[in-house]
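Peer 1: What follows is a structure written as structure tokens; I'll ask about it next.
Laboratory data are not the source of any read-out in this text; all were calculated from the coordinates shown. From a predicted model like this one, the values you see are computed outputs, not experimental measurements. Backbone-built Cβ (ideal geometry, glycine too); neighbour counts: all protein chains shown.
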Amino acid sequence: MDQNATSPSGKDQSPNLRRVAIDPISRVEGHGKITLMLDAENHIHEARLHIVEFRGFEKFIQGRPYWEVPFFVQRLCGICPVSHQLAAAKAVDQLVGVEQLTPTAYKLRRLLHFGQTLQSHALHFFHLSSPDLLFGFGSDPAQRNIVGVLDKYPELALKGVKLRKFGQQIIAAISGKRIHGTATVPGGMNKALTIAEREILLTDINDILAWCQDAVALNEQIHTAHPEHQGYATIHSNFLSMTGSGGELELYHGGLRARSADGTKIFDQFDYRGYQSVIREEVRPWSYMKFPYLIELGKQQGWYRVGPLARVNNCDFIATPLAEAARKRFREFGHGGFVHDTLAYHWARMIEALHCAESIDELLHDPDITGTGLVTELGDKRSVGIGVIEAPRGTLFHHYQIDEQGLIAKANLIVSTTSNNQAMNESVRSVANEYLDGHEITEGLLNHLEVAVRAYDPCLSCATHALGKMPLQVELLDADGALLDRLTKGGNGMIERTA
Amino acid sequence: MAKLLLFGYGNPGRGDDALGPELIERIARLHLADVECQNDMQLQVEHVTDLAACKQVLFIDADMKCAEPFEFSGIGAEKNDSYTSHAMNPSALLHAYSRVYGKDAPPAFLLRIRGYDFGLGDALSDQASANLEAATRLAVELCASANLPIWREYLVNA
């Protein structure tokens, strides 16, 4: 046992606690480790989700010219590089004194963002989570994967493949290539969308809309028909998201809205450039990740959730009709109040995917989208730029300070997974209390914990995937720190008990 | 339909993980006829749609364990547990192809280039750069003779 560890609240841990470590988590983006702190009676005292996050990256970009940043930050993540590019681009716009983009540039960025969000949401549901939801959390791991879905639900799996592909086609059309494109420039975009490209993207749009509707219906059916899903890993939390000026769901640009678990507004339409006056990040010695909280509520009560569940709960309406109809059914399920069920993240995620598809359809029919006015006139340079967007996993903050030469002097990123940090710990604790018997780490327990974490679609960083680098290890230590049990899952999926 | 698809994968922002995409960039600059170059951070199931448009495919990846400077091998479809992670391996992708399209995937090969350091923000290591040179020479030769019997001779001689 780590005698120097402290609890999330910063208090010293009891000497009678036992630690269970699960390292790392599979089927989330990147790698992580779970430590469960048991008391002498084998009850879960505390849960800690350790994540190797982006702190090094903030240091890494110091000294770089500001105009390089949108392209460097794409390398944070193999799943949502576009989100980082766009958040950084918004910050860079401020650095070059741009308040408003041209209509074409603004709409191209929105189209890019909708394509990115659609493909990310499709990846998460169809590839990562649908196996759990369709086959059951405790089903055979050999079946509980995307190929198992292909075998048993081939039509559904193929829709997932094509949805993701469609999102990537949008990214490629706007960025010039599939990954690490160069779409944004200070004050605009650097490539117009041609009419031919637009027509190609419109070819399948009706299928895309229909498949997203099917995905919403499937998730709604799964969640409402399974009472055990509704209480699984469920916690009651505050929610943070951006909303548009009318209170609508807004993924690209808007004001910050925070509400408490009962729906009370904490702040609304707050200019995100002042985020540091409403959000503070707490550092805890056992984690690379910070723990953001709402200053008004304090460290203990101020943690919050972001992402699809927060956004769909938090908004007053969705501006596209099909997604709005789906949102209303979601709210009816919550009897008009917030839906706090952690697994309802999946349902909310597909409502957003439908909104993205509708928005893409709308934008592709907008004459401005193939315009050629891509860059606006730059204004007076500023030393600070703060860009915020709603990335697929939640509110994403990019904050840069530059020196007189235009080099990055300081950077601060609050990524979505960081905002969900405490919430994931709480959900893990909830599940572990139910499924850990205190004597043995089982694959069943491990997967139940992963199901809880996966609902948040956490990006655990990295995207490196070199062969042989994906072990999964579970350790059980007694109160004295002695190893009681260890399960190791190799990169080939083989499980070995080594203690 | 391009006769040959070269598909490199890896994160260009993570040191030697960039070997696959880097090799792809080099080949793409040659503008070879009937050769399509693709890259991505990691293999995912939707990449079956890329395979559908080719007659033969070469995957290119960084590998921490293969022999120096590279290993070239033929691969087949295999249902394996790489699906349970956030990325697939090439054999799993070939298996997914057969499930999606109801037929065998195109003949596939894997070029693994030895890497050493996968740190965030690192450039290619010197050793990996040297391995990349050797692997590029092989890839150019393979592109010049993209038919199965000749590639199989390279397997024998590898």
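Peer 1: For A:D151 paired with B:E25, estimate the spin-label separation in nm (one decimal), with each label point 7 Å from Cα along the Cα-to-Cβ line.
Peer 2: Spacing of the two 7 Å Cα→Cβ label points: 4.0 nm.
Peer 1: Tell me, how many Å apart are the Cα centres for the stretch B:16-42 and for the stretch A:165-235?
Peer 2: 26 Å
Peer 1: Treat the count of other C-beta atoms within 10 Å as a stand-in for reagent exposure and order B:D117, A:D457, A:D93, A:D151 from fewest to most. Let's see the in-between values first.
Peer 2: Working: B:D117 16, A:D457 28, A:D93 24, A:D151 13.
Neighbour counts put them in this order, fewest first: A:D151, B:D117, A:D93, A:D457.
Peer 1: How big is the antiparallel share of DSSP beta bridges in chain B, given as a percent to the nearest 5? Provide the component values of the computation, followed by the final result.
Peer 2: On the way: 6 of 26 bridges.
Just about 25 percent of them are antiparallel.
Peer 1: While we're looking at this one, here's another question. At q = 0.15, 0.17, 0.20, 0.30 Å⁻¹, what log₁₀ I(q)/I(0) does a Debye calculation on the Cα points of the stretch A:158-199 give, no solvent, two decimals?
Peer 2: Each listed q corresponds, in turn, to -0.41, -0.51, -0.66, -1.02.
Peer 1: While we're looking at this one, here's another question. Taking a ≥ b ≥ c as the square roots of the Cα gyration tensor eigenvalues, with a/c under 1.5 meaning rounded and otherwise prolate when a/b beats b/c, else oblate, which class fits the stretch A:215-353? Could the numbers behind the result be given before it?
Peer 2: Details: a/c = 2.10, a/b = 1.36, b/c = 1.55.
Oblate is the answer for the stretch A:215-353, as a/c is 1.5 or above yet b/c matches or exceeds a/b.
Peer 1: Continuing with this model, one more query. Choose one answer from B:S98, B:S129, B:S145: the residue with the largest mean-square fluctuation in a GNM of chain B with alpha-carbon springs under 10 Å.
Peer 2: Between B:S98, B:S129, B:S145, it is B:S145 that shows the largest mean-square fluctuation.
Peer 1: May I pose another question? At 222 nm, what value in deg cm²/dmol follows for chain B if DSSP H runs of at least 4 each add -39500 (n - 2.57) and the sum is divided by all its residues, to the nearest 500?
Peer 2: Working: 5 runs with 55 residues, N = 158.
Per the formula, -10500 deg cm²/dmol.
Peer 1: Continuing with the same structure: Looking at the P(r) of the stretch A:293-389, how many percent of alpha-carbon pairs lie beyond 17 Å?
Peer 2: 66 percent
Peer 1: Scale the Cα Rg of chain B by the rule-of-thumb value 2.2 N^0.38 Å and send over the ratio, two decimals.
Peer 2: Values: Rg = 14.7 Å, N = 158, 2.2 N^0.38 = 15.1 Å.
Dividing the Cα radius of gyration by 2.2 N^0.38 Å gives 0.97.
Peer 1: Right, next: Assuming R0 = 25 Å, can you tell me the calculated FRET efficiency for the pair A:D316 and A:E99, based on Cβ-Cβ distance, to the nearest 0.05?
Peer 2: 0.45
Peer 1: How shielded is B:42-52 by partner chains, expressed as the average number of their Cβ atoms within 10 Å of its Cβ atoms? Write down the numbers at each step before the final one.
Peer 2: Values: counts 7, 1, 10, 14, 14, 4, 4, 6, 2, 0, 0.
Averaged over the peptide's residues, the number is 6.
Peer 1: Expressed in nm², what is the orientationally averaged projection area of the convex hull enclosing the Cα positions of the stretch A:87-139? Could the numbers behind the result be given before it?
Peer 2: Numbers: hull surface 19.5 nm².
Averaged projected hull area, Cα only: 4.9 nm².
Peer 1: I want the local charge near A:G254. Using Cβ-Cβ distances under 9 Å, sum +1 for each Lys or Arg and -1 for each Asp or Glu among the other residues. Working shown, then result.
Peer 2: Values: positive: A:R257; negative: A:E248, A:E250, A:E390.
Here the count lands on -2.
Peer 1: If you find the alpha carbon centre of the stretch A:299-322 and of the stretch A:96-138, how far apart are they in angstrom?
Peer 2: 16 Å
Peer 1: Another question about this same structure. Any idea how far apart A:D207 and B:S145 come out in nm if each label point goes 7 Å out from Cα toward Cβ?
Peer 2: 4.0 nm
Peer 1: With a Förster radius of 30 Å, plug the Cβ-Cβ distance of A:V384 and A:K299 into 1/(1 + (r/R0)^6) and report the FRET value to the nearest 0.05. Mind dumping the intermediate values first?
Peer 2: Numbers: r = 26 Å, r/R0 = 0.87.
E between A:V384 and A:K299, to the nearest 0.05, is 0.70.
Peer 1: Using only alpha-carbon positions, what ratio does the radius of gyration of the stretch A:361-449 give when scaled by 2.2 N^0.38 Å?
Peer 2: On the way: Rg = 22.7 Å, N = 89, 2.2 N^0.38 = 12.1 Å.
Dividing the Cα radius of gyration by 2.2 N^0.38 Å gives 1.87.
Peer 1: Work out the mean other chain Cβ neighbour count within 10 Å for the residues of B:4-12 and drop it here as an integer. Please report the intermediate quantities before stating the final value.
Peer 2: On the way: counts 0, 0, 0, 0, 0, 3, 5, 12, 5.
Taking all residues of B:4-12 together, the mean is 3.
Peer 1: Could you list A:T342, A:T243, B:T136 in order of exposure, starting from the residue whose Cβ has the fewest other Cβ atoms within 10 Å? Kindly include the intermediate steps, with their values, before the conclusion.
Peer 2: Details: A:T342 28, A:T243 21, B:T136 18.
By the 10 Å Cβ count, ascending, the order reads B:T136, A:T243, A:T342.
Peer 1: Moving on. Would you please give the FRET efficiency between B:D126 and A:T442, computed as 1/(1 + (r/R0)^6) with r the Cβ-Cβ distance and R0 = 45 Å, to the nearest 0.05? Don't skip to the answer; put the middle values down first.
Peer 2: On the way: r = 45 Å, r/R0 = 1.01.
According to the calculation, E is roughly 0.50.
Peer 1: Exposure proxy check: B:V140, A:V453, A:V98, A:V185 ranked by fewest other beta carbons within 10 Å?
Peer 2: B:V140, A:V185, A:V98, A:V453
Peer 1: Simple spin-label model, 7 Å along Cα-to-Cβ: A:T264 to B:Y101 in nm?
Peer 2: It works out to 6.0 nm between the two label points.
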